[in-house]
């Protein structure tokens, strides 16, 4: 396994442990949302017992064990998926389900989900699927025999294609270079996983030479001098927003910047910087306004996304109840702000973790304490 794969393997093992503690990826309700074009590593947990309910009506030829791994994929468009699984010592079964427009786990219980693939008793898998419908969730169930704890590695590759197999490239060139002799500055926006062009709203402020809002995946501008500080904002549907208040355009550093956007997947978590509260209170300070408005803009761009606001505070291990209550009150205040800004309450929820999930377990510096006092959003 190369270094990149190994890091991803360790990351997924950590995620797997965390999920197992809460509800577990051995159940549909605890399934892991996959980001396409990555390598993953997971292990069967060795569960024992027969699952008599979950696949009733879907599997009739063999007994369904509780030793399962649940994975989810939300395709951003129609396209081709390649799933490759290897390095298991004992056979496993693979099932792929598609929801019809509801929620996959409940649709499985009510037998409304559609089984689109079933591969019995293999020690590896190499399968391709063409998805022609958008805005649907797909569930992958891997099932092994009782007590099996095999590890497996798999790659999950997705390429946007139309129903005829033609590649989809969502790109747009915006070229504002017209002055002879002037320097040309380029911004290229790419998917952080696939490195494909992403058509985005690009906003630049801080210099009269380049101020403006543009829609492009590749933006080319004329500049006449170095720009030490400007603010760069990028928004694209299906991606986390990008913000840099101290963006610089310097001739000596080259005139070509590539911005990688992180795709939105269910279960993804992102930190929202520069949201401040009064000490020990849930009152939002005025200087938080710009970032809260950016969060509002993010939700407006991604109208199909629901989020959970997660509050965290710094603590010394005492007063767990009061810290959890404060962190939830702060998260609720952000929800109220977003509702007042025009975001539907149905898309928002709040949760407080207190000091139970610190970035630094034993913070010493003020920077470390500030890192523990944070707001995050969870894509639901």
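For segment 357-376, the set of residues classified as surrounded by fewer than 16 Cβ atoms within 10 Å (Cβ to Cβ) and touching a strand residue (DSSP E or B) at 6+ places or on another chain (Cβ under 7 Å) is empty. Where strands (runs of 3 or more DSSP E) fall wholly inside segment 273-380, the ranges with 3 or more residues that are without any contact (Cβ under 8 Å) to a residue 60 or more places away in the chain are 348-352. Counting only strands (runs of 3 or more DSSP E) that sit wholly inside segment 141-249, those with at least 1 residues that are modelled with pLDDT of 90 or more and surrounded by fewer than 14 Cβ atoms within 10 Å (Cβ to Cβ) are 173-176, 212-216, 242-249. Scanning segment 127-140 for residues that are modelled with pLDDT under 80 and in a loop (DSSP other than H, G, I, E, B) returns 132, 133, 134, 135, 136. The single condition among (1) at pLDDT below 90; (2) within 20 Å of residue 264 (Cβ to Cβ) that residue 344 does not meet is (1). Given the structure, is residue 154 more than 30 Å from residue 51 (Cα to Cα) and in contact with a strand residue (DSSP E or B) (Cβ under 8 Å, 6 or more places away or on another chain)? Spelling it out, it is not the case that residue 154 is more than 30 Å from residue 51 (Cα to Cα) and in contact with a strand residue (DSSP E or B) (Cβ under 8 Å, 6 or more places away or on another chain). Within segment 305-312, at least one residue is farther than 28 Å from residue 367 by Cβ and either within 23 Å of the chain's Cα centre (by Cα) or at pLDDT below 90 (or both).
Only one of the numbered conditions (1) within 30 Å of residue 34 (Cβ to Cβ); (2) surrounded by 13 or more Cβ atoms within 10 Å (Cβ to Cβ); (3) modelled with pLDDT of 90 or more is violated by residue 267, and that is (3). Condition first: surrounded by fewer than 20 Cβ atoms within 10 Å (Cβ to Cβ) and within 16 Å of residue 25 (Cβ to Cβ). Now tell me which residues in segment 66-92 satisfy that. Within segment 66-92, just 66 meets the criteria. Of the candidates 48, 111, the single residue that is part of a loop (DSSP other than H, G, I, E, B), farther than 18 Å from residue 144 by Cβ, out of contact with any helix residue (DSSP H, G or I) (no Cβ under 8 Å at 6 or more places or on another chain) and modelled with pLDDT of 85 or more is 111.
The values are calculated or read from the model by the stated rules, or taken from the named source; none is laboratory data. A quick note: this is a predicted structure, and the numbers were derived from the prediction, not measured. Backbone-built Cβ (ideal geometry, glycine too); neighbour counts: all protein chains shown.
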